[in-house]
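I have placed the structure first, in the form of structure tokens, so that the comments after it can refer back to it.
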Amino acid sequence: MLRFFSGALLVAVVLWAWSTLFYVISPIPYYTMSQTADDIAAGEALLEHFPETGTYILPGRYSSDEVRKEMRNNGPVATVYFTREGSPEASPVKILIGTFNSICIGVLIGFAMLLLNKHTTNYWSHVAIGSVFGIAYTAYPRFADIIWSDFPYGYQLMMIFSDGFSWILAVMIMAWFTRPKPAAAA
């Protein structure tokens, strides 16, 4: 049990390190994002047009058919995630929730690895099986967003890479920590 939870804790540490390296140190994610001409002016326009914190889709569900057709044909089409109150980047609450989330992911992957032990005890088989499922789950919503929600390709492909790599790291760690112990020599 200690080995299992040690693996889940190591998953949290490794995912934090990977995220820091990829999203804070590396410029790669920012190559897939656009920049406003004036962030303050854009923020003020958002405050004027979006009444409360939430997710907004343009054209909205309750827009008339005429408005929806106009915006679909001529633009703009947008999904806006909006927080009026601001959101500190690294608040202690976010750090605790993020750490708990990563530990839970490690635990869930660990349970899957224990189930796989009934069918194969080979470390690389566990990694391959877990990685295929993780990448499929990672790619599905991102490609669906490209198709159905018009999200930009570059950003979604970057997220597939980031999420997929994170998943494979977590699977590799938990496959190692949940592998069966060798039988003791008699």
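Assorted remarks:
- Residue that is farthest from the chain's Cα centre (by Cα), among those in the range 16-44 that are polar (S, T, N, Q) and not in a loop (DSSP other than H, G, I, E, B): THR32
- Residue selection: MET33 satisfies the criterion of being at pLDDT below 90, open to solvent by less than 100 Å² (accessible area, probe 1.4 Å) and within 24 Å of TYR155 (Cα to Cα).
- The condition (being under 23 Å from PHE177 (Cα atoms) and either out of contact with any Asp or Glu (no Cβ under 7 Å at 6 or more places or on another chain) or outside any loop (DSSP other than H, G, I, E, B) (or both)) is satisfied by just one residue among ILE109, ILE95, ILE57: ILE109.
- Subset of the range 155-186 (residues that are within 15 Å of the chain's Cα centre (by Cα) and among the small types (Gly, Ala, Ser)): SER162, GLY164, SER166, ALA170
- Any chance THR138 is free of Cβ contacts under 8 Å to residues at least 40 places away in the same chain and either of a type in the set (Gly, Ala, Ser) or under 20 Å from VAL11 (Cβ atoms) (or both): yes
- Filtering the range 49-107 to residues that are closer than 30 Å to LEU15 by Cα, of a type outside the set (Asp, Glu), open to solvent by 50 Å² or more (accessible area, probe 1.4 Å) and without any contact (Cβ under 8 Å) to a residue 12 or more places away in the chain leaves SER87, PRO88, ALA90, PRO92, VAL93, LYS94, ILE95, LEU96, ILE97, PHE100, ASN101.
- One residue stands out in the range 114-124 among those that are open to solvent by less than 40 Å² (accessible area, probe 1.4 Å) and over 15 Å from ALA170 (Cβ atoms): the one that is modelled with the lowest pLDDT, namely THR120.
- Hits in the range 112-146 (condition: in a helix (DSSP H, G or I) and either touching a Gly at 6+ places or on another chain (Cβ under 6 Å) or of a type in the set (D, E, K, R) (or both)): ILE135, THR138, ARG142, ASP145
- Boolean, THR99 is over 26 Å from SER166 (Cβ atoms) and at pLDDT 90 or above: no
- Condition broken by MET174, with the remaining ones in (1) within 21 Å of ILE28 (Cβ to Cβ); (2) buried (at least 17 other Cβ atoms within 10 Å of the Cβ); (3) not charged (D, E, K, R) satisfied: (1)
- Cβ-Cβ contacts under 7 Å between residues 6 or more apart (or on different chains), taken from a first residue in the range 3-14 that is within 14 Å of MET113 (Cα to Cα) and touching a residue at least 40 places away in the same chain (Cβ under 8 Å) to a second residue that is open to solvent by less than 10 Å² (accessible area, probe 1.4 Å) and of a type in the set (Val, Ile, Thr), are listed as PHE4/THR178; GLY7/THR178.
- Pick from the range 1-15, criterion open to solvent by less than 40 Å² (accessible area, probe 1.4 Å) and among the small types (Gly, Ala, Ser), ranking: farthest from the chain's Cα centre (by Cα): GLY7
The values are calculated or read from the model by the stated rules, or taken from the named source; none is laboratory data. Computed from a prediction, not measured in an experiment: that's the story for all the values here. No Cβ is skipped: glycine too gets one built from the backbone with ideal geometry, and neighbour counts run over all protein chains shown. All accessible areas refer to the heavy atoms of the entire protein, side chains included, with ligands and DNA or RNA removed. Shrake-Rupley method; radii C 1.70, N 1.55, O 1.52, S 1.80 Å.
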